[in-house]
Amino acid sequence: FQNEINEVPFFDVQLPYELALKIFRYLDKAELGRCAQVSRTWKILAEDEVLWYRLCQEEGYLLDMSISDHSCWKLALKNCRARDHMLKTNWKNRVGAVSQLRYEPGGVLCDVHSCDGVVMAGYTSGEVRLWDTRTWDYTAPVLAAVPGPGGAGAPPHVSFVRINSSLAVAAYEDGTVSVWSLLLGREPIHHFQHNQRIQALALAPGGTAVATASGFEVKVESPDDKGFWQTPGTFEIQKLVNFLNLVPDVPGSPVAVAAAEDIVYLLKAEDAGKVLHSVYGQPVTCLDVSAREAAFGIKTFGWLLNEPNQILLYNLETNQCVTKVGNSIGDFSCVNLHNSPPNMLVAGNKDRRVRVFDARRGEAVCSLYAHQLGVSAVQMDEWKVVSGGQEGLVCVWDQRTGTKLWETHARHPVRHVWFNSHSLITANVPEEKNPRGSSITEDDPSVHRKYRGIIYSYEFSVDQLAVESVLPICRSSYDEVTGYNYNIGLAVPYDSI
């Protein structure tokens, strides 16, 4: 009977159901709730699945689902909002599970990168490891390296690692670059060699292009439609490259942004070596790019008193400077643009402060006194900021109130920070790759454990991990038959032993 209503009473007129539904589309959740109390007919109309599906999509929930995937979209929206509230509460109170992604038999940690919960780490032993924190299974597989000429000698150190949703890339000290597919296995699908040491490595966040800088050359590699790797661009740079990024979501040939001392280049295949910014005596101290903009910090010297250290924001389509933000005595050491909300960016400085800038107003909306030895990594979202410092401190801030929620500390500088709505990954990478007293062969896994560096993975989705909220060392059930391994087994509860 309720589904066969054709005329909906609107005061002194009767409207067709479809027309009444279009009127109700302009109402929010609270107004629909009030309308549902008017009459039985209005209640049926206010709880129509089309209305609540639209509200759910507008608030950013379940965007990949169609209206037929849920029988009650009002309940689905309620559950999504309750989960968001729980995650925000857990973030603020540091409620959740934490694990150490430590690889003991390897060498010292060299570089860490992550994408959507998948963590990639390179070591001085030449090994590259992957962890998938989404499955809570931390048996890290080793990505096989390309064998060297003759197979003799110790493997080279890993210089840089990068990962996205489909590829993993590692650059080694001897100039070798290896590329793995996350879908095809542990064997590299492509590798190439530079004659000199690699200074910078970049991987497109959503694509398959890889860019490397070695000496005065920037090289871009990408596969064609058939999967064969080719070199769409090789660029000659006048100075040594310090920072290198690939612009995401670019149709056609890859576009790279490279900072070489005091010059910023926009590298396109059809326009090689285009200078985006160049001011003599103002070296670039950090760089980040989004789909349409590039943000980088510049350093000035004492004789330029009217020009303090700033962050410049350039439009990549017009190649013009959009705005200049910041007015700091210290150098900007890190900037995050592509993970920030629209028209916002966050930057860390050597003057111990983290600043959140609004590009529309051209000024800082939040300044946080964070780290004693300078800021080394930052990321933000709509309400919080996560920063890492040279002294090994990771701080979580409430951006709107400017207060510190909590902090953690490790021995080495924080080189990588990544988070989403329910997880956080931080990496403390040592400055010293050859600690004093370590053996030359590195065959003893217990030598200088505190000098090796460490990766932390936090999970704030307590409902998902309520059963497995104990430490990883306590998750086994004594069913291993090996005499000894590093995953010492303890059963919880102990009655199941």
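The values are calculated or read from the model by the stated rules, or taken from the named source; none is laboratory data. As the structure is a prediction and not an experimental result, all values here were calculated from the model. Positions of Cβ are generated from backbone atoms using ideal geometry, with glycine treated the same way; all protein chains shown enter the neighbour counts. Side chains included, ligands, DNA and RNA excluded: accessible areas come from the protein's heavy atoms. Shrake-Rupley method; radii C 1.70, N 1.55, O 1.52, S 1.80 Å.
Here are a few things to note about the model shown:
- For residue 60: the one exception among (1) farther than 23 Å from residue 11 by Cβ; (2) open to solvent by less than 70 Å² (accessible area, probe 1.4 Å); (3) assigned to a helix (DSSP H, G or I); (4) not hydroxyl-bearing (Ser, Thr, Tyr): (3)
- Candidates 179, 169, 161, filtered to the one that is modelled with pLDDT of 90 or more, in contact with a Lys or Arg (Cβ under 9 Å, 6 or more places away or on another chain) and assigned to a strand (DSSP E or B): 169
- Qualifying residues in the stretch 378-416 (those that are surrounded by 16 or more Cβ atoms within 10 Å (Cβ to Cβ) and among the hydroxyl-bearing types (Ser, Thr, Tyr)) - the one farthest from residue 101 (Cα to Cα): 387
Let's see how each residue does on (1) modelled with pLDDT under 90; (2) within 19 Å of residue 414 (Cβ to Cβ); (3) touching a Leu at 6+ places or on another chain (Cβ under 9 Å); (4) assigned to a loop (DSSP other than H, G, I, E, B):
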site	(1), (2), (3), (4)
51	no, no, yes, no
76	no, no, yes, no
87	no, no, no, no
95	yes, no, no, yes
105	yes, no, no, yes
119	no, yes, yes, no
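- Of the strands (runs of 3 or more DSSP E) that lie entirely inside the stretch 309-389, those containing 3 or more residues that are under 17 Å from residue 286 (Cα atoms) and assigned by the TED database to the domain that holds residue 400 span 309-315, 320-328, 332-336, 344-349, 353-358, 375-380, 384-389.
- Within the stretch 252-268, being without any contact (Cβ under 8 Å) to a residue 40 or more places away in the chain and part of a loop (DSSP other than H, G, I, E, B) holds for 252, 253, 261, 262, 268.
- Cross-chain or 6+ apart pairs with Cβ under 6 Å, the stretch 21-43 first and over 16 Å from residue 56 (Cβ atoms), then aromatic (Phe, Trp, Tyr) and surrounded by 13 or more Cβ atoms within 10 Å (Cβ to Cβ): 35/42
- Answer residue from the stretch 191-206, given it is of a type outside the set (A, V, I, L, M) and crowded, with 19+ Cβ neighbours inside 10 Å and is nearest to the chain's Cα centre (by Cα) among those: 205
- Filtered by the rule that a residue be open to solvent by 20 Å² or more (accessible area, probe 1.4 Å) and in contact (Cβ under 8 Å) with a residue 60 or more places away in the chain, the stretch 417-431 gives 418, 420, 421, 422.
- Qualifying residue in the stretch 109-116 (condition: in a loop (DSSP other than H, G, I, E, B), open to solvent by less than 50 Å² (accessible area, probe 1.4 Å) and under 30 Å from residue 161 (Cα atoms)): no
- For the stretch 237-253, filtered to residues that are at pLDDT 90 or above and either closer than 20 Å to residue 291 by Cα or acidic (Asp, Glu) (or both), the residue that is surrounded by the fewest Cβ atoms within 10 Å (Cβ to Cβ) is 248.
This table checks each residue for (1) touching a Ser or Thr at 6+ places or on another chain (Cβ under 9 Å); (2) at pLDDT 95 or above; (3) among the small types (Gly, Ala, Ser).
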position	(1), (2), (3)
266	no, no, no
278	no, no, yes
282	yes, no, no
303	no, no, no
309	yes, no, no
316	yes, no, no
319	no, no, no
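- For the stretch 211-232, a residue qualifies if it is assigned to a strand (DSSP E or B) and either buried (at least 19 other Cβ atoms within 10 Å of the Cβ) or touching a residue at least 24 places away in the same chain (Cβ under 8 Å) (or both), and the qualifying residues are 211, 212, 213, 214, 218, 219, 220, 221, 222, 223, 229, 232.
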